[in-house]
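Peer 1: Got a structure for you, questions after.
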Amino acid sequence: MSDPISNILPAIRERFAHVDSCPFTGDRVFFENAGGALTLKSVVETSAKFAAIPDNQGRDNAASHALVDIIKQAKADAADLFGTQSGQFFVGESGTELLFRLIRTATVGAPDGGHVVGSTFEHPATRSALQHWAKVSDRPYLTVDHDNETGLVTPQAYADVVNHNTRVATILHASPVTGMGVDLAGIVAAIRAASPDCFIIVDGVQNAAHGTLDIDSYDIDGYAISPYKMFSRHGYGFAWVSDRLTALDHECLIGGPAQNWELGTRDTGSYATMSDVVNYLDWLGAQVAPSDNRRDRLVGAGRAILAYETQLTDAMIHGIGNLKGLKDIENVEIIGGTDNPARKGLVSFRITGRPSAELVTALNERGIRTHTRKADHYSGGILNPLGWSDCVRVSMCHYNSMDEIRAFLTAMQDIA
Ligand SMILES: Cc1ncc(COP(=O)(O)O)c(C=O)c1O
């Protein structure tokens, strides 16, 4: 295979920790990236460095000034990665916590009356937050249904539900269960056509590591990611918020700057690790899409990542050489079908009549780490309408190799 990413795969893999072996179990193929992507070695180093620094921001000493500059730099780096010149970035406890804050602010602060809209496609982070704050602010919650066949939700499905009374809407950019990414700009346009001033909050947690981000083109009010799913580490979430949402009454310290979203002392290390992620993607962009402009390199990296991941999922589904793909293994069913252009690096499947947990264990025994998704409060929204009680989720990233797909398919022939 010759494409820009596979040509430099060893150099890419070299930049990540625990690429082919687990500190607890030894050698393994890591196909659990939707549960938490591999961590950049630079992130590990940066985290240790900042964990040891006792100084706080906002003091008049050189260390404190340096910390403030590092946070400022991280926000500028994030602006290039997310593709926005407006709004602001801030860290929080997790993707879930940030989505709750953005949705809480929008739903409590939106003009009285009307209703709010979310979809069955979403992760419970946004579903739960919007339903909770809809109840508190006494507004009906209307549901947009996703499409079982394609494993995604469409602009038309939103258009069928929203109207001029829609005050807040939530959108999941890509699903960690089906693996599909939505037409985000199209959905936003459908919402804005009916309700131009609607507050629109997007869950970008699963999408972030699998392509390009272009906030300014989406016309939204909030976007949250989980850095541990984008090559950084656990312990914080990262959000962008529009100036319009900031202008709503939101929680901040009395007497402090009214635009502030940061609550309490910052972990400078969390911001610094976002710079590591941007610097890594910038390096990748310089290899696969050289340009003098950093934003162009970041977009080039995102495009190359998605194109490469599509090759990986196509190989997994359709086979490589003599190795049968998933679609040709008896009784395998794949969520979203075999040739879905919306797929972003993730394949969820089952073998009818066999518990998925048993398959995940069998794959683990063969050194392949995947994950079972059950029809619980996380994945039931997708699995229940299909009539599935569970599935095996195989989630990849651009550092995974064709050899790893071969190892997976070889294991699957054996297991099936
Ligand atoms: C789409 C999506 N949204 C939200 C979350 C929650 O993110 P966090 O673990 O940072 O709270 C996840 C985690 O799996 C997710 O996949």
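Each value in this text was obtained by applying a stated rule to the coordinates, not by laboratory testing. Note that the structure is predicted; figures quoted are calculated from it, not measured. Neighbour counts run over all protein chains shown; Cβ positions are idealised from the backbone, glycine included.
Peer 1: Mind checking the dipole of the range 45-279: about its Cα centre, +1 per Lys or Arg Cβ, -1 per Asp or Glu Cβ, Debye to the nearest 20?
Peer 2: Working: 15 positive and 28 negative charges, 76 e Å.
About 360 debye.
Peer 1: Still on this structure, I have one more. In a GNM of the chain with a 10 Å cut-off on Cα contacts, which of Asp276, Asp390, Asp214 has the highest mean-square fluctuation?
Peer 2: Asp214
Peer 1: Over its Cα atoms, what ratio of radius of gyration to 2.2 N^0.38 Å does the range 83-193 give?
Peer 2: 1.05
Peer 1: Pick from Ala37, Ala11, Ala289 the residue whose mean-square fluctuation is largest in a GNM of the chain, springs joining Cα atoms under 10 Å.
Peer 2: Of the options given, Ala11 has the highest mean-square fluctuation.
Peer 1: For the residues Ser395, Ser21, what sequence is obtained by ranking on other C-beta atoms within 10 Å, fewest first?
Peer 2: Ser21, Ser395
Peer 1: OK, next. Cα centroid distance between the range 274-317 and the range 191-260, in Å?
Peer 2: 22
Peer 1: Give or take rounding to whole Å, what are the principal axis extents of the alpha carbon atoms in the chain, in descending order?
Peer 2: That works out to 67, 52, 38 Å along the principal axes.
Peer 1: Can you put Thr313, Thr361 in order, fewest other beta carbons within 10 Å first?
Peer 2: The fewest-first ordering by Cβ neighbours comes to Thr361, Thr313.
Peer 1: Which of Ser226, Ser195, Ser242 moves most in a GNM of the chain, Cα contacts under 10 Å?
Peer 2: Of Ser226, Ser195, Ser242, the most mobile in the Gaussian network model is Ser195.
Peer 1: Under a plain spin-label model, where a point goes 7 Å from the Cα along Cα-to-Cβ, how far apart in nm are His65 and Arg366?
Peer 2: The answer from the label model is 6.0 nm.
Peer 1: Order these by the 10 Å Cβ neighbour count, fewest first: Glu358, Glu330, Glu404.
Peer 2: Glu330, Glu358, Glu404
Peer 1: Evaluate 2.2 N^0.38 Å with N set to the residue count of the range 45-279, then give the Cα radius of gyration divided by it.
Peer 2: Compactness ratio reported: 1.02.
Peer 1: Going down the list Lys324/Lys374; Lys229/Lys344; Lys49/Lys72, which pairs span over 20 Å between their C-alpha atoms?
Peer 2: Among Lys324/Lys374; Lys229/Lys344; Lys49/Lys72, the Cα-Cα distance tops 20 Å for Lys324/Lys374.
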